[in-house]
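This report refers to the structure that appears directly beneath it.
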Amino acid sequence: MLSEQMDTTVSEANVREMIAEERKKYGLGFLPPDVAIKLVEQQTGQNLLTTLRTQMQSAVDTMLFPTFNDPKNIEGLLEKLGRELLCFLLSGRMDVAPMWAHYADNNSGFLVAFDTEHEWFQRRKDGQKTRLQKVTYFDGKVEEPLADIQAALISKTTAWEYEREWRLY
């Protein structure tokens, strides 16, 4: 996912567009992009796109990954996501004792039934289709959660399959 984003950002078309904007800022709008690229490559002795990708990868490696590897930063990120994201969990079952123990204040909660075919579950306020989806159960783990956020959001191990869970986010 990150490498795809980098490839998009440092694509030849995007680099040409950025060069065109920068040329205008410095009064060099008359200079064709190809000439500007060749001048930079002659000065550095390196391919411009390769150099930009290398510099971006270096920045990610030295700034971003250490941040993600620090438990305090991860905790802060998760807390922020928890405050800002809505995730509404539903179950297709109401008769499972462990669910009452886990999710209903140790068997003292109550049941609320919903019709998932109701318009509220089908459309958001902006008219877009909602993200109400059945959870997928499998043995194993999502290898790269950031590469497939959708899979990470709607999957659990088969140990939880008895819940028949739905998620709306």
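Placing unit charges on the Cβ atoms only, positive for Lys and Arg and negative for Asp and Glu, gives the chain a dipole magnitude near 440 debye about its Cα centre.
State the antiparallel share, in %, of DSSP beta bridges confined to the chain, rounding to the nearest 5. Present the calculation step by step, with values, prior to reporting the outcome.
Numbers: 7 of 10 bridges.
Bridges in the chain that DSSP calls antiparallel: roughly 70 percent.
Assuming a viscosity of 1.567 mPa s and a temperature of 4 °C, what translational diffusion coefficient in µm² per second does Stokes-Einstein assign to the chain, Rh being the Kirkwood radius over Cα pairs? Could the numbers behind the result be given before it?
Working: Rh = 21.1 Å.
The diffusion coefficient I find is 62 µm²/s.
Comparing V135, V60, V35 in a Gaussian network model of the chain, where Cα atoms under 10 Å apart are tied by springs, the biggest mean-square fluctuation is seen for V35. The number of Lys pairs in the chain with C-alpha atoms less than 19 Å apart, excluding pairs fewer than 8 positions apart on the same chain, is 4. Dipole of the range 86-168 computed with +1 at Lys/Arg Cβ and -1 at Asp/Glu Cβ about the Cα centre; of L89, S155, T116, farthest Cα towards the positive end is T116.
Sort S91, S108, S58 by Cβ crowding within 10 Å, fewest neighbours at the top. Display every interim value, and only then the final one.
Values: S91 15, S108 7, S58 10.
Fewest to most other Cβ atoms nearby, the residues stand as S108, S58, S91.
Computed over the chain with a Gaussian network model linking Cα atoms closer than 10 Å, the most mobile of L52, L78, L89 is L78.
Every read-out reported here was derived from the displayed coordinates using simple, explicitly stated rules and does not represent laboratory data. Since this is a predicted model, take the numbers as computed values, not measurements. Please note: Cβ atoms are built from the backbone with ideal geometry, for glycine as well, and neighbour counts cover all protein chains shown.
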